[in-house]
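Chemist: Structure incoming, see below.
The values are calculated or read from the model by the stated rules, or taken from the named source; none is laboratory data. Note that the coordinates shown come from a computational prediction; the quantities given were computed from them, not determined experimentally. Positions of Cβ are generated from backbone atoms using ideal geometry, with glycine treated the same way; all protein chains shown enter the neighbour counts.
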Amino acid sequence: MLAALVVSLRAELAAAQGELVRSRGQLGAAVERIAGLEAQVSRTSKNSSQPPSAGGLSKGGPKPRSLRKKTGRGPGGQDGHEGTTLAQVARPRYEVRHEPACCGGCGNGLTGAPVTGVERRQVFDLPPVKVEVTEHQLIERQCGCGHKTKGTAPAGVDAPVQYGSRITAIVLYLYGGQFLSESRTAMALAELSGIALSSGTVAAMARRAADGLARFTAQVRDRLAGAEVVHFDETGFRVAARLHWVHVATSPAWTLIICHARRGLEGIRALDVLPRLRRRRRARRLGAL
């Protein structure tokens, strides 16, 4: 009976040792995998061969350090520096006179008393923003021959009701120049001027403006395709909370920028510069032959 117990204990010990060996192997594999994942997460364009654009908007890596050396001078304008400040104008548009009510000494009235001095204080401000509505009336008249002829509207006046060029310019500046969203652009214009715009109207204005640049954009592509050297690059950009890519083709004189959903060669080809560049250079080689 004792011998059977010893055999049983030896079998259990062998099984436990085998399980321990397997656990150690799994633990070692897990440690290697964790180390690999940590290295992959911490890898950036600064410590590996991957391009900066591969990280999208989260490129990681150490923060850049300034190469500027300390000069010992304090912040702000330095002594002797000619700064730019608000200065009075010689002829303001409006002048408001403020007369003294009575003599500060005896209390008598000063009506008709001689003026002995004028202190000038000027306030620079914007005029109140007020929408102006201009109605264009297309007059129709009937000739003695019976034919009716109607006047022609100015260029750009195409609808019974529409926004003018100044409002459109402000919308495009806020939306495209200051990178406000469509809704915040509409909100800013409403709060500043009382003009109730919708996000859809902002988007429509941006589309029309982009369509108006089609001819200019085509000329830029042609100039880039004819350049001796063209640089292509890309960087991450958020569009509707999703990662997109800003692609750029640039020469010393011309720059073309687009936003595309894909990075790499597909996005570069969407610029429509590289194919033209290759065709022109191929034509030059054939012509040289």
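Chemist: Considering only the range 242-289, state which residues are small (G, A, S) and loosely packed, with under 12 Cβ neighbours inside 10 Å.
Modeler: A253, A283, G287, A288, listed by residue number.
Chemist: Can you name the residue in the range 1-50 that is among the polar types (S, T, N, Q) and under 30 Å from R65 (Cβ atoms) and, of all such residues, is modelled with the highest pLDDT?
Modeler: Q40
Chemist: Okay, moving on. Of the residues in the range 140-158, how many are more than 30 Å from R208 (Cα to Cα) and not in a loop (DSSP other than H, G, I, E, B)?
Modeler: Summing the residues that are more than 30 Å from R208 (Cα to Cα) and not in a loop (DSSP other than H, G, I, E, B) in the range 140-158 gives 5.
Chemist: Within the set of pairs 6+ apart or on separate chains, which have a first residue in the range 164-182 that is more than 17 Å from G200 (Cβ to Cβ), a second that is part of a loop (DSSP other than H, G, I, E, B) and of a type outside the set (F, W, Y), and C-beta atoms under 7 Å apart?
Modeler: Between residues of the range 164-182 that are more than 17 Å from G200 (Cβ to Cβ) and residues that are part of a loop (DSSP other than H, G, I, E, B) and of a type outside the set (F, W, Y), the close pairs are S165/G156.
Chemist: A follow-up question, please. Here is a list: R263, R238. Which entry is among the basic types (K, R), touching a Phe, Trp or Tyr at 6+ places or on another chain (Cβ under 6 Å) and not assigned by TED's automatic domain parsing to the domain that holds R166?
Modeler: Sole residue among the options that is among the basic types (K, R), touching a Phe, Trp or Tyr at 6+ places or on another chain (Cβ under 6 Å) and not assigned by TED's automatic domain parsing to the domain that holds R166: R263.
Chemist: What is the residue count in the range 205-241 for residues that are small (G, A, S) and loosely packed, with under 13 Cβ neighbours inside 10 Å?
Modeler: 6
Chemist: Moving to a separate point now. Failed condition for G151, given (1) small (G, A, S); (2) modelled with pLDDT of 95 or more; (3) closer than 25 Å to A188 by Cα, with all others met?
Modeler: (3)
Chemist: Of the residues A155, A203, which single one is more than 30 Å from R282 (Cβ to Cβ), within 19 Å of the chain's Cα centre (by Cα) and among the aliphatic types (A, V, I, L, M)?
Modeler: That would be A203, the only listed residue that is more than 30 Å from R282 (Cβ to Cβ), within 19 Å of the chain's Cα centre (by Cα) and among the aliphatic types (A, V, I, L, M).
Chemist: Please determine whether any residue of the range 90-106 is at negative phi and modelled with pLDDT under 75. I'd like the intermediate steps shown before the answer.
Modeler: Of the residues in the range 90-106, the ones at negative phi are 90-106.
Pick out the ones that are also modelled with pLDDT under 75 and you get none.
Taking every residue of the range 90-106 in turn, none turns out to be at negative phi and modelled with pLDDT under 75.
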